[in-house]
Structure formats: C-alpha cells, structure tokens
1. Looking at the range 66-82, I want the residues that are touching a residue at least 60 places away in the same chain (Cβ under 8 Å) and within 16 Å of residue 95 (Cβ to Cβ) and have a partner that is assigned to a loop (DSSP other than H, G, I, E, B) and among the charged types (D, E, K, R) with Cβ atoms under 6 Å, at least 6 apart or on another chain. Which pairs are those?
2. Just give me the residues in the range 78-126 being over 19 Å from residue 66 (Cβ atoms) and among the small types (Gly, Ala, Ser), in sequence order.
3. Just wondering, is there one or more residues in the range 136-154 that are in a loop (DSSP other than H, G, I, E, B), surrounded by 19 or more Cβ atoms within 10 Å (Cβ to Cβ) and either at pLDDT below 90 or of a type outside the set (Gly, Ala, Ser) (or both)?
4. Pick from the range 30-41 the residues that are in a helix (DSSP H, G or I) and closer than 17 Å to residue 5 by Cβ: which of them is modelled with the lowest pLDDT?
5. Which one of these is modelled with pLDDT of 95 or more, assigned to a strand (DSSP E or B) and more than 16 Å from ligand 2 (Cβ to nearest atom): 81, 64?
6. Out of all the residues in the range 73-106, which are within 13 Å of ligand 1 (Cβ to nearest atom) and of a type in the set (Phe, Trp, Tyr)?
7. Does at least one position in the range 42-55 carry a residue that is crowded, with 19+ Cβ neighbours inside 10 Å, part of a loop (DSSP other than H, G, I, E, B) and at pLDDT 95 or above?
8. Say we look at the range 107-130 and pick out the residues that are of a type in the set (Val, Ile, Thr) and modelled with pLDDT of 85 or more; which of these is farthest from the chain's Cα centre (by Cα)?
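The values are calculated or read from the model by the stated rules, or taken from the named source; none is laboratory data. A quick note: this is a predicted structure, and the numbers were derived from the prediction, not measured. Cβ placement follows ideal geometry from the backbone for every residue including glycine, while neighbour counts extend to all protein chains displayed.
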Amino acid sequence: MVIAEIKRLEEIKEMLKDYKKVLNVGCAGCTAVCLAGGQKEVDNLNTKLSLSFKGDNIPFEIEGFTVERQCEVQFLAELDGMVKSYDALLSMACGAGIQFLAERYPETPVFPAVNSTFVGVNKDIGWYEERCKCCGDCVLGSSDDRCAESATGADEFIPTGISVDMRADVGLSSAQHQRRPGIEEWGTDELGGYAGTVK
Ligand code: SF4
Ligand code: SF4
C-alpha cells in the first residue's frame, strides 16, 4: 500500500486561506490503513483547521466525506452531487487519488493534505516498511526476493497516527521513521484501521 503522512497544519492552512467552504475528502484505502487519511483523520484535521482559523478570526467552514478509494472512478462518483457546494477540496488520499479527484472536478481547486512517502507493508501496528519504489523493471524473481531499490537495511518506522507537526513535538524530524514511544493500547476503528491511544 501507499504510506503517507499528514502535512503540517500551517502548510494546509496556507493552501486553504482564500477559501471559505472546503470539503475534506478522505480515502478508506491505503491512507486509512496507515492512519493518515481515513474518516478519523478527516475529522481530526477538520477540527484542528476550524479551531485554528477561528483563532485567527478568519471565516472558514470545512466538512468531511470519505470515499472507499479515491483512485477508482465509481467511488469518486459519490462526490458528484456535493462538490458544487464547496469553494475547494482537500484530499487525504495519496498523490494518485488527489490527481484523480482534481481531474474529475476541474472547476474546483484541489489541495493535498498528506505527503505520500513510499510503497510499503504493514509489519505490525504502526510499523511500516518500504518494499518497492515502483521502478518499472521488477527483478524480484532473480534477486533473492529482496528489492535492492528499496531495501534500507533497517526497519523503517512511521510513528503511528501522528502528523509531521506531532512528530516535531516528540522530537522526530520528518525524515525519521521510528516507532513512536508511549503508545498505550490499540483497537480497531470503525473503518477497520488501527487506532492507538497515546500517553
Ligand atoms: S487513492 Fe491512493 S491511498 Fe487511496 S486506495 Fe488508491 S492508492 Fe491507496
Ligand atoms: S525491483 Fe523493487 S522497486 Fe522495482 S518493481 Fe520490483 S520491488 Fe518494486
């Protein structure tokens, strides 16, 4: 699946500052599984944006809707009756989903809320490891089933469920991928993704 991370709040605000009514579109595919762009993340981000713009005394309204996959036309079609009501769309899918959304609604500005980081596997809760760089010439059958393009020699961790902003709070740079300390307990959210409670 595609692994992604949520952009800094200030970066998202800068993109949206000229729009008064925005629809944040989540993806229940990859970015929901890696806790970057499912319905839960849509709700959390919308709350943060609303509070932040309110604190700046800037009129701003945001609503959320999560489609099954933003890279499939039949799921995007669910948005057809809604998009006209908004000044702009924010997408929490990977880059493919964001572009597909923008193609379908060329009259409406579309902005990315996440950075796609790599194609990887979900080794454990909150533990994502890069396995493919989509090189277009797969050699896995003749390379001990190890991908030299993406092998890092070490496990890569993404702090589960936290954004670039939150990483900074716990002292991680955006380039670091580590298991986040202090995760207390785990469950499954309403969309089937993992949800963690952090101390
Ligand atoms: S739009 Fe991107 S994140 Fe969503 S399911 Fe498709 S590939 Fe995965
Ligand atoms: S060789 Fe590695 S990067 Fe290329 S397609 Fe195969 S797994 Fe992906």
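1. Taking only residues 6 or more apart or on different chains, not a single pair turns up.
2. Selection gives 120, 126.
3. No, because not a single residue in the range 136-154 is in a loop (DSSP other than H, G, I, E, B), surrounded by 19 or more Cβ atoms within 10 Å (Cβ to Cβ) and either at pLDDT below 90 or of a type outside the set (Gly, Ala, Ser) (or both).
4. 33
5. Going through 81, 64 in turn, just one is modelled with pLDDT of 95 or more, assigned to a strand (DSSP E or B) and more than 16 Å from ligand 2 (Cβ to nearest atom): 64.
6. 75, 100
7. Scanning the range 42-55, I find no residue that is crowded, with 19+ Cβ neighbours inside 10 Å, part of a loop (DSSP other than H, G, I, E, B) and at pLDDT 95 or above, so the answer is no.
8. 108
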